[in-house]
Amino acid sequence: EKKNELCLEGLSVNQGNNVLISIASQYNYLLEDSYSPYMTVRNLHNNEIEQILKAMIKDIGFEGIFEIEFLVDQDDQLYFLEINFRNSTWSYASTVAGMPLPIIWSRGMLNPLVVEAAYREIKEPFTAMVEFDDYIKRVKRHKVSRMVWIADLKKSKCKYYYGRRDSKPFFMMLYSIIVAKFKKH
């Protein structure tokens, strides 16, 4: 029975010889039909799993950005689910943690030694939130109050739409919502 999921973000260069697994995320609540848009982000501190995954990436010879997902059962056993050989949405949390995967990957393609040197220890786990989706799933469905949600939003270090330096994704999402409402009428 699923207790949670573990999502790992990383990259590989040099035909899988240089691999970085930057972050490990777990959901703060579960949904039956999809992923949770509110998660806690930390590093992977499981050397055995890390070495197995690095060997697997090397066997494949993959070069690029990836996401690896596990199911976590009630006894904290991990069950491999899938590898997505692409830059996933969750990788933005790696950027917030100081490890921007697209930049590290492109530099690593020129100099593979950059990859391992790019690892940063996340001293304090932090939360990441896909704001609009989480609002719908928790506030609109009466799972939490608006006040609780606002407090969670404020303490989230990683927001997928609203950024201090780049507010365009946030305003484009608002624009899309407004346009969709007008098209319905």
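The values are calculated or read from the model by the stated rules, or taken from the named source; none is laboratory data. Everything numeric here is computed off the predicted structure, so don't read it as measured data. Counting neighbours? That spans all protein chains shown, and the Cβs are built from the backbone with ideal geometry, glycine included. The area values use the complete protein model at the heavy-atom level, side chains included, leaving out ligands, DNA and RNA. Shrake-Rupley method; radii C 1.70, N 1.55, O 1.52, S 1.80 Å.
The angle between the Cα long axis of helix 168-184 and the longest principal axis of the Cα atoms of the chain comes to about 50 degrees, rounded to the nearest 10. Taking amide H atoms as placed 1.01 Å from N in the peptide plane, the amide H of Leu81 lies under 5 Å from those of Glu69, Phe70, Leu71, each 5 or more residues away in sequence or on another chain. Charged side chains reduced to their Cβ positions (Lys and Arg at +1, Asp and Glu at -1) give segment 1-98 a dipole of some 400 debye around its Cα centre. From the square roots a ≥ b ≥ c of the eigenvalues of the alpha-carbon gyration tensor of the chain, which class results: rounded (a/c under 1.5), prolate (a/b over b/c), or oblate? Prolate, because a/c is 1.5 or more and a/b exceeds b/c.
Computed from phi, the 3J(HN,Hα) profile of segment 157-162 under the Karplus parametrisation 6.51, -1.76, 1.60 (θ = phi - 60°) reads 6, 10, 10, 6, 10, 9 Hz, with x in place of Gly and Pro. Is segment 25-104 best put as rounded, prolate or oblate by its Cα gyration tensor, with a ≥ b ≥ c the root eigenvalues, rounded for a/c under 1.5, and otherwise prolate when a/b is larger than b/c, oblate when not? Judged from the Cα gyration tensor, segment 25-104 comes out oblate (a/c at least 1.5, b/c at or above a/b).
Rolling a 1.4 angstrom probe over the protein heavy atoms with all chains in place gives segment 1-68 an accessible area of 44 Å² per residue.
If you only keep lysine pairs separated by 8 or more in sequence, or across chains, how many in segment 52-185 come under 17 Å at the Cα atoms?
Values: Lys123/Lys155; Lys123/Lys157; Lys137/Lys159; Lys140/Lys181; Lys159/Lys168.
The number of close lysine pairs in segment 52-185 is 5.
Candidates Met173, Leu11, Tyr38 compared by Cα position along the dipole of the chain: farthest toward the positive end lies Met173, with charges placed on Cβ. Relative to the longest principal axis of the Cα atoms of the chain, helix 101-110 runs at roughly 30 degrees. Can you give the FRET efficiency for Lys183 and Arg42, using 1/(1 + (r/R0)^6), R0 = 41 Å, r = Cβ-Cβ distance, to the nearest 0.05? Computed FRET efficiency for Lys183 and Arg42: 0.50.
Per residue, how much accessible surface does segment 110-185 expose to a 1.4 Å probe? Answer in Å², no decimals. Don't jump to the answer; show the numbers that get you there.
On the way: 5950 Å² over 76 residues.
That works out to 78 Å² per residue.
I want to make sure I understand the PRE zone here: with the label point 7 angstrom from the Cα of Ser106 toward its beta carbon, which residues in segment 52-70 have backbone N atoms less than 20 Å away? Within reach of a label on Ser106: 63-67. Relative to the longest principal Cα axis of the chain, at what angle does helix 146-155 sit, 0 to 90 degrees, rounded to 10? Helix 146-155 sits roughly 30 degrees off the main axis of the chain.
For Ser145 and Phe170, FRET efficiency with R0 = 22 Å and r from the beta-carbon atoms, rounded to 0.05? Write down the numbers at each step before the final one.
On the way: r = 22 Å, r/R0 = 1.02.
In this case the efficiency is close to 0.45.
Within the set of other residues whose C-beta is less than 11 Å from the C-beta of Ser145, count the net charge using Lys and Arg as +1 and Asp and Glu as -1.
Working: positive: Arg138, Lys143, Arg146; negative: Asp152.
Neighbourhood net charge equals +2.
Centre-to-centre, using Cα atoms only, segment 1-28 and segment 91-125 are separated by 12 Å. What you get for the chain, charging only the Cβ of Lys and Arg (+1) and of Asp and Glu (-1), is a dipole of about 1360 debye around the Cα centre.
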